[in-house]
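S.K.: Quick one: this structure, given as structure tokens, is what I'll be asking you about.
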Protein chains: 2
Amino acid sequence: MAPTNPATTLGYAILGLLARQPLSGYDLAARLKTPVGYYWTAHHGQIHPELQRLVGDRLVTYNTAAGPGPYAKKVYAITRDGRAALSAWVTEPPRPRPNRDELVLKAASLWLADPAPALALFRAEAERHAEQLAQYEATRASMEARYGERLERPDSPEFAEYVTLRCGISYEAHRLRWCRWVIARLEQAEAQ
Amino acid sequence: MAPTNPATTLGYAILGLLARQPLSGYDLAARLKTPVGYYWTAHHGQIHPELQRLVGDRLVTYNTAAGPGPYAKKVYAITRDGRAALSAWVTEPPRPRPNRDELVLKAASLWLADPAPALALFRAEAERHAEQLAQYEATRASMEARYGERLERPDSPEFAEYVTLRCGISYEAHRLRWCRWVIARLEQAEAQ
DNA sequence: CAACTCATGTAATGAGTTACATGATTGT
DNA sequence: ACAATCATGTAACTCATTACATGAGTTG
């Protein structure tokens, strides 16, 4: 029987985490909370129903464990079907999703803004990106020190994590350069 | 009376286009269609109701014109309140929205993939970005030739458009570099 | 004893996509 | 004649966020 596919991207995000280790819904929510999960986020309100669907499709199973509160704690694990669905999905071309970026949208109406608050906006954004970049670079340094040559093996989870981290670093650097370029343009125009 | 604010980002996207020139709902939909509108998209099914809301908030008005089909064509124009709301919004800090990126999510599970299809995926993505980059660069060249020094005046719509274009170029270049870096890593591992 | 973390669940709301619906004009 | 473009409107659906709801264990 062919493995059922989850259809939703969130389902694959969850499978991707469960492929590394079994986790509870709470732990999944913690990992999918900004900014820990590079480039995918979700709240527990979405995660729990999705897990129930994945269980229904036999892509994950769970073991009930003793836990606090009125509900039993469930530790979810990926099944063989789930792993097959996940590894088939990984190399399929990603569905194009629209790019929505509020800062760029604001930039498109920048000609209506006063110079001082416009500069303040881009300085604040530049600082945000500089901070995020610094944090990512620190993570990179510690990953490289800790894992060394394992980061060069494409079949290791550490390689995959490193690849996403490099994307984050590259993204933040691009954003920072762009913001600084805008700032320079605005300053130059103000000087005249 | 203080200007009502549209609350939705789409409302500001529409106001931003109407601040340049009056447009019909159809024209707005054409401009907000991928990939013409840099970094914001919408369909007419969302645009028409939003326009009605903006009319209700007195941020835009419309003139009915003769048009084909069962409905009268409406040409929308921004009001003084609309322009005020827009220029106030421009320099407010953007609300943080989650970054969702399916390719990066796939990359996080790349360790489960076979080398050949993984390479094919990133080569295809690299090509997509190279094409988009080439197209943006062509647009940039024609903009620079056509507008010249006006691109340096922050109070001109051309400057604002140029700024968003530069962001697009920077983004595609970042993506392309990252994809190529992943490809090189995968090729290197395969050679051994 | 108050606040925080752990832990799951549902419901309401909002944002976005796709599909359904109508119909005139223009170009092939 | 047929297809494409112009032109608006609504409804159904999916995805994501926020809020409501419960309650034990740990820390200060």
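S.K.: Give B:Leu59, B:Leu32 a once-over and let me know the one that is more than 14 Å from DNA strand C (Cβ to nearest atom) and either crowded, with 18+ Cβ neighbours inside 10 Å or not assigned by TED's automatic domain parsing to the domain that holds B:Gly168 (or both).
M.R.: Result of the check over B:Leu59, B:Leu32: B:Leu59.
S.K.: Oh, and also: So how many residues does region A:83-106 have that are part of a helix (DSSP H, G or I), more than 16 Å from DNA strand C (Cβ to nearest atom) and not aromatic (Phe, Trp, Tyr)?
M.R.: Residues flagged as part of a helix (DSSP H, G or I), more than 16 Å from DNA strand C (Cβ to nearest atom) and not aromatic (Phe, Trp, Tyr) within region A:83-106 amount to 7.
S.K.: Please determine, by comparing only the residues of region B:107-117 that are part of a helix (DSSP H, G or I) and either within 7 Å of another protein chain (Cβ to nearest Cβ) or at pLDDT below 95 (or both), which one is nearest to A:Gly16 (Cα to Cα).
M.R.: My answer is B:Ala108.
S.K.: Here is a follow-up. Out of all the residues in region B:68-106, which are facing chain A (nearest Cβ under 8 Å), touching a Leu at 6+ places or on another chain (Cβ under 9 Å) and surrounded by 15 or more Cβ atoms within 10 Å (Cβ to Cβ)?
M.R.: Correct list: B:Arg83, B:Leu86, B:Ser87, B:Trp89, B:Val90, B:Thr91, B:Pro94, B:Leu103, B:Lys106.
S.K.: Still on this structure: Filter region B:8-29 down to the residues that are closer than 20 Å to B:Glu92 by Cα, more than 10 Å from chain A (Cβ to nearest Cβ) and more than 13 Å from DNA strand C (Cβ to nearest atom) and list them by number.
M.R.: B:Leu18
S.K.: Picking from A:Ala120, A:Ala138, A:Ala189, A:Ala124, which residue would you name as being surrounded by fewer than 19 Cβ atoms within 10 Å (Cβ to Cβ), more than 11 Å from chain B (Cβ to nearest Cβ) and either in contact with a strand residue (DSSP E or B) (Cβ under 8 Å, 6 or more places away or on another chain) or part of a helix (DSSP H, G or I) (or both)?
M.R.: A:Ala138
S.K.: Quick check on region B:58-111: of everything there that is away from DNA strand D (no atom under 15 Å from the Cβ) and among the hydroxyl-bearing types (Ser, Thr, Tyr), which residue is farthest from the chain's Cα centre (by Cα)?
M.R.: B:Ser109
S.K.: So, B:Arg20, is that one assigned to a loop (DSSP other than H, G, I, E, B), more than 16 Å from DNA strand D (Cβ to nearest atom) and not assigned by TED's automatic domain parsing to the domain that holds B:Glu161 or not?
M.R.: In short, yes.
The values are calculated or read from the model by the stated rules, or taken from the named source; none is laboratory data. None of the values given here were measured: they were computed from a predicted structure. Every residue, glycine as well, gets a Cβ built from its backbone with ideal geometry; the counts of neighbours run over all protein chains shown.
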